[in-house]
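Undergrad: The following block contains the structure, expressed as structure tokens.
Laboratory data are not the source of any read-out in this text; all were calculated from the coordinates shown. Note that the coordinates shown come from a computational prediction; the quantities given were computed from them, not determined experimentally.
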Ligand SMILES: [Zn+2]
Ligand SMILES: [Zn+2]
């Protein structure tokens, strides 16, 4: 499998490296990083001061050269009625997105000795692995250590591991 990472708006090299490493480690796939794309003009909702996640997915699917493509942005994203999303993907689609905006918070629930930058890097890896999992047909998993667990807060992201649980692994790998 080939996954193309599509940076949308300015994105640090560290985020691109973490995302690539996370995907390679879990899916053993080829990963490329696309040229930076500008933020789609129609994606911004002025009333919410947030961007619509769907338009980032659409852009990644359109310009990405992978079988699966994942947009990564520092913009704050929302989807329908949810106040915010860390990421979004459609089941079995070829496009997906994650936002680093709300992953930067230093809160880690106090159970980790890791530095803020390590915690942030782990969150980026988990989120890209999670969204690509959806594009491969995986739904949310009840196992709270599994990367496919639904994690609406950074605390829940921090609790889960970067890997698929055995059950999820058997259904896609
Ligand atoms: Zn999910
Ligand atoms: Zn699982």
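Undergrad: Quickly estimate the mean residue ellipticity at 222 nm for the chain, helices only: each DSSP H run with n ≥ 4 gives -39500 (n - 2.57), and the total goes over all residues, rounded to 500.
TA: Values: 5 runs with 59 residues, N = 173.
After summing the helix terms and dividing by the residues of the chain, the value is -10500 deg cm²/dmol.
Undergrad: What does the convex hull of the Cα atoms come to per residue for the chain, in Å³? Please report the intermediate quantities before stating the final value.
TA: Details: hull volume 18.4 nm³, N = 173.
Enclosed volume per residue, from the Cα hull, is 106 Å³.
Undergrad: Per q in 0.17, 0.22 1/Å, what log10 I(q)/I(0) does a Debye calculation on the alpha-carbon atoms of segment 116-170 return?
TA: At q = 0.17, 0.22 Å⁻¹ the computed log10 ratios are -0.45, -0.74.
Undergrad: Based on DSSP, what percent of beta bridges with both residues in segment 1-155 are antiparallel, to the nearest 5? Show your work: numbers first, answer last.
TA: Numbers: 7 of 25 bridges.
Percent antiparallel among DSSP bridges in segment 1-155 is about 30.
Undergrad: Can you tell me which of 16, 47, 68 moves the most in a GNM of the chain? Springs connect C-alpha atoms under 10 Å apart.
TA: 47
Undergrad: A further question on this structure: For segment 1-97, what class follows from the C-alpha gyration tensor (a ≥ b ≥ c being the square roots of its eigenvalues): rounded when a/c is under 1.5, otherwise prolate if a/b is larger than b/c, else oblate?
TA: Details: a/c = 1.84, a/b = 1.63, b/c = 1.13.
Verdict is prolate for segment 1-97.
Undergrad: Contact order normalised by length for the chain, with contacts defined as Cα pairs under 8 Å and 6 or more residues apart; what percent is it? Walk me through the numbers before you get to the answer.
TA: Working: 353 pairs, mean separation 36.3, N = 173.
Relative contact order here is 21 percent.
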